[in-house]
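The values are calculated or read from the model by the stated rules, or taken from the named source; none is laboratory data. Being a predicted model, the structure only gives us computed values, none of them experimental. Reconstructed Cβ throughout: ideal geometry from the backbone, glycine too, with neighbour counts over all protein chains shown. Side chains included, ligands, DNA and RNA excluded: accessible areas come from the protein's heavy atoms. Shrake-Rupley method; radii C 1.70, N 1.55, O 1.52, S 1.80 Å.
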Amino acid sequence: AIVFFIIFNYCPLPGVYIAFTNYNFRDGIFGSPFVGFKNFEFLAKSGQLWMLTRNTILYNLVFIVLGNVLQITMAILLNEVRCKWFKKVSQTIMFLPYFISWMVMGAILYALLNADSGLLNQTLVSLGKEPIDFYANPKAWIAILTIVNTWQSCGYTSIIYYGVLTGIDSSLYEAAKVDGASKLQCIRKITVPLLKPTIIILFLLSVGNMLKGNLNMIIGLTNLNPVLFSTTDLIDVFVYRSGVRNGEMAFASAISLYQSIFGFLLVI
């Protein structure tokens, strides 16, 4: 693990210099003209920095808060199930969405939401209502991305919480029942407090990625539709568009460095 991090995280660090240059492929990273903080100044003056930061942080906050509440709830409910075969089947079904790629998920979503032949719009038309063009409605994607991301990741993390719950000493619950505690009181006074260390660790790990957007999710679900950028343009998406599509490597590196420093400060 140490060798891995040295090779892939520490050895590339000198490449950060590209954020302070007017990079071109002929001269390379260290031969390109040094421009100081001009890339950062342009980024700040462009007016996009605030939108990118806002979108990324707000999505991650919703994903963390809503995701954790649902994951803990699902783990507790699963722990209360006494039928073993039902518990195993439920775990498998919950876990499956985690293995579906974002491209496949995007195709499923398009089949549900597209304005012409989408299942949801066909249902609306059959009920005498007007179809909704989701792929031209940026605000709708706040809810869509939240629902899809939660559905995809909820089962995976809930299994982690469930693993912790299975290790709790059953004598604690037995003693509580002897004292007359109800199921809800057992959950509130025993289960949740004992889950607290795991909740804190997973929360801290999530905070470190607060300024990281899920590029694969946005590409897979929206195909980088420019109409939706006001609500779907995250920092990672902007870096991809600037660096890979437009060839503005220095500009992309500047915002990536900003993202890394901000994430570091949040972890501290």
Filter region 201-222 down to residues that are open to solvent by less than 30 Å² (accessible area, probe 1.4 Å) and of a type in the set (G, A, S) and give me whichever is farthest from S153 (Cα to Cα).
-> G208
Scan of region 132-153 for residues that are open to solvent by 40 Å² or more (accessible area, probe 1.4 Å), out of contact with any helix residue (DSSP H, G or I) (no Cβ under 6 Å at 6 or more places or on another chain), β-branched (V, I, T) and part of a helix (DSSP H, G or I), ordered by number | I147
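Any idea which residue in region 167-209 is nearest to S256 (Cα to Cα), counting only those that are among the polar types (S, T, N, Q) and at pLDDT 85 or above? Steps first, please.
Looking only at region 167-209, we keep the residues that are among the polar types (S, T, N, Q), and these are 170-171, 182, 185, 191, 198, 206, 209.
Then drop every residue that is not at pLDDT 85 or above, which leaves 171, 182, 185, 191, 198.
Numbers: S171: 51, S182: 51, Q185: 47, T191: 40, T198: 30 Å.
Taking the candidates together, the pick is T198.
Tell me whether region 185-200 contains one or more residues that are open to solvent by 40 Å² or more (accessible area, probe 1.4 Å), hydroxyl-bearing (S, T, Y) and free of Cβ contacts under 8 Å to residues at least 40 places away in the same chain. Lay out the reasoning, then the answer.
Going residue by residue through region 185-200, those that are open to solvent by 40 Å² or more (accessible area, probe 1.4 Å) are 185, 188-189, 192-194, 196-197, 199-200.
Retained after the next criterion (residues that are hydroxyl-bearing (S, T, Y)): none.
Taking every residue of region 185-200 in turn, none turns out to be open to solvent by 40 Å² or more (accessible area, probe 1.4 Å), hydroxyl-bearing (S, T, Y) and free of Cβ contacts under 8 Å to residues at least 40 places away in the same chain.
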In the list K88, K84, K45, K38, which residue meets the criterion of being within 27 Å of the chain's Cα centre (by Cα) and charged (D, E, K, R)?
-> K88
Which pairs do you get when a residue that is touching a residue at least 60 places away in the same chain (Cβ under 8 Å), found in region 119-142, comes within reach of a residue that is open to solvent by less than 60 Å² (accessible area, probe 1.4 Å) and assigned to a loop (DSSP other than H, G, I, E, B), reach meaning Cβ atoms under 8 angstrom, with the pair 6+ apart or on two chains?
-> Y135/N114; Y135/A115; Y135/N225; A136/A115
Just need a number here: residues in region 118-131 that are within 24 Å of I218 (Cβ to Cβ) and open to solvent by 70 Å² or more (accessible area, probe 1.4 Å).
-> 2
Region 25-34, residues that are surrounded by 14 or more Cβ atoms within 10 Å (Cβ to Cβ) and free of Cβ contacts under 8 Å to residues at least 60 places away in the same chain = I29
Among the residues of region 46-65, is there at least one that is surrounded by fewer than 16 Cβ atoms within 10 Å (Cβ to Cβ) and outside any helix (DSSP H, G or I)?
-> yes
Given the residues L124, L172, which is the only one that is in a helix (DSSP H, G or I) and touching a helix residue (DSSP H, G or I) at 6+ places or on another chain (Cβ under 8 Å)?
-> L172
Would you mention how many residues in region 66-87 are open to solvent by 60 Å² or more (accessible area, probe 1.4 Å) and among the acidic types (D, E)?
-> 0
Could you check S90 against (1) of a type in the set (G, A, S); (2) surrounded by 10 or more Cβ atoms within 10 Å (Cβ to Cβ); (3) not in a helix (DSSP H, G or I) and say which number it fails?
-> (3)
Scanning region 223-265 for residues that are open to solvent by 40 Å² or more (accessible area, probe 1.4 Å), outside any helix (DSSP H, G or I) and over 24 Å from D27 (Cβ atoms) gives N223
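The rows are residues; the columns are (1) within 28 Å of N68 (Cα to Cα); (2) free of Cβ contacts under 8 Å to residues at least 24 places away in the same chain; (3) open to solvent by 50 Å² or more (accessible area, probe 1.4 Å).
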| residue | (1), (2), (3) |
| --- | --- |
| A115 | no, yes, no |
| Y156 | yes, no, yes |
| I159 | yes, no, no |
| S170 | yes, yes, yes |
Only residues that are touching a helix residue (DSSP H, G or I) at 6+ places or on another chain (Cβ under 9 Å) and at pLDDT below 75: list them for region 243-268, please.
-> G243, V244, N246
Flag if G220 is part of a helix (DSSP H, G or I) and closer than 30 Å to L109 by Cα = yes
